[in-house]
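The values are calculated or read from the model by the stated rules, or taken from the named source; none is laboratory data. Computed from a predicted model, the values in this text were never measured in an experiment. Cβ placement follows ideal geometry from the backbone for every residue including glycine, while neighbour counts extend to all protein chains displayed. To get the accessible areas, we keep the full protein, side chains included, count just its heavy atoms, and leave off ligands, DNA and RNA. Shrake-Rupley method; radii C 1.70, N 1.55, O 1.52, S 1.80 Å.
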Amino acid sequence: MSFHVRLQALGNARDTLLRQPIATALTIIALAVVFALPVGLFTALSNLQQLLASWHNQAQISLYLHDDASPQAIAQLRSQLRQSPGVVAVRFIDKDQALTDFQHYAGMTAAIHTLGANPLPASLIVELNPLAQSPGTLEAQVQQWSHEPIVRSAQSDLKWVARLQAIVALGTRAVYILAILLALGAVLVMGNTIRLHIEQRRDEIEISSLVGATKGFIRRPFLYQGLIQGILAGFLAWLIVAIAFAVLQAPVSHLASLYGTNFPLHALTPGEGLLLVFISAALGWLGSLVAVGRHLDNTVS
């Protein structure tokens, strides 16, 4: 098939859409909203995961060391811990620092002084990415670390990590289900739009068929209509998501500042935006293909 024929079909599709600007614009806007909702939720979920991953100072495991642990053994274990999956940082707290921290947070200076010698052990504080591994894997990891020769005991609270991962997994699955349903809705919207175009051009299609036009020749402009509208809807959805995150950035930054931190929202990257346009174009093409396959055969004898 020549390039000229394809270009002619593309021009035919463009002219058809331009002849009905309001209907075309409404279809593109409807598709853009359908695409923007799951994409916005996916992007928000991605930002949430980045935020949770930065909470490594909240996901900590304390490894209390024996008093006779040598500096060389401590350094070796610390290096080993740093190389473990999901470990963000490892801090060593000696006995004196442990006593100072305990006095600062517990306010028991007088009681500690009555004991004479410092009763608190040195420790290694392991900071973890709470989303990097499953709670079961973390529990096994803690058990392994607690059996190191210089480790007296290990203390951890991983129940909140399990709850956090369960919430994130639930949110991810819900967004996937919503995306599938909305993608199906986009295909139906495009299919109904193309069906209306076929009905409006029924006489033209019948005449073209009588003069020898093939089904492929008749079908192609309708497929290009779906493709063009899908591409435009994808770019508009990209713009909607970008504007939404730009509007949300100020209140999110203010909320983060109240907690003494800074959290910039990340909208779609150029690669993700182009992927959105590609998917929307494919769904537009698919919706057109479904409509053409169902309704064009009834028109072309």
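Points worth noting:
- Residue within the range 49-57 that is surrounded by 18 or more Cβ atoms within 10 Å (Cβ to Cβ) and either in contact with a strand residue (DSSP E or B) (Cβ under 7 Å, 6 or more places away or on another chain) or modelled with pLDDT of 85 or more (or both) present: yes
- Take the conditions (1) open to solvent by 70 Å² or more (accessible area, probe 1.4 Å); (2) touching a residue at least 12 places away in the same chain (Cβ under 8 Å); Pro251 misses just one of them, which is (2).
- Of all residues in the range 146-180, those satisfying the criterion of being in contact with a strand residue (DSSP E or B) (Cβ under 6 Å, 6 or more places away or on another chain) and either surrounded by fewer than 16 Cβ atoms within 10 Å (Cβ to Cβ) or not aliphatic (A, V, I, L, M) (or both) are Ser146, Arg152, Ser153, Gln155, Ser156.
- Cβ-Cβ under 6 Å pairs, at least 6 apart or on other chains, the range 30-57 side farther than 23 Å from Gln165 by Cα and among the small types (Gly, Ala, Ser), far side open to solvent by less than 50 Å² (accessible area, probe 1.4 Å) and modelled with pLDDT of 85 or more: Ala32/Ala233; Ala32/Ala237; Ala36/Ala237; Ala36/Val241
- The number of residues in the range 255-279 being modelled with pLDDT under 80 and either in contact with a Leu (Cβ under 7 Å, 6 or more places away or on another chain) or part of a helix (DSSP H, G or I) (or both) comes to 5.
- The single residue among Gly230, Gly234, Gly226 that is modelled with pLDDT of 75 or more and farther than 20 Å from Arg6 by Cα turns out to be Gly234.
- Residues (among the hydroxyl-bearing types (Ser, Thr, Tyr) and either out of contact with any strand residue (DSSP E or B) (no Cβ under 7 Å at 6 or more places or on another chain) or surrounded by fewer than 15 Cβ atoms within 10 Å (Cβ to Cβ) (or both)) located in the range 119-145: Ser134, Thr137
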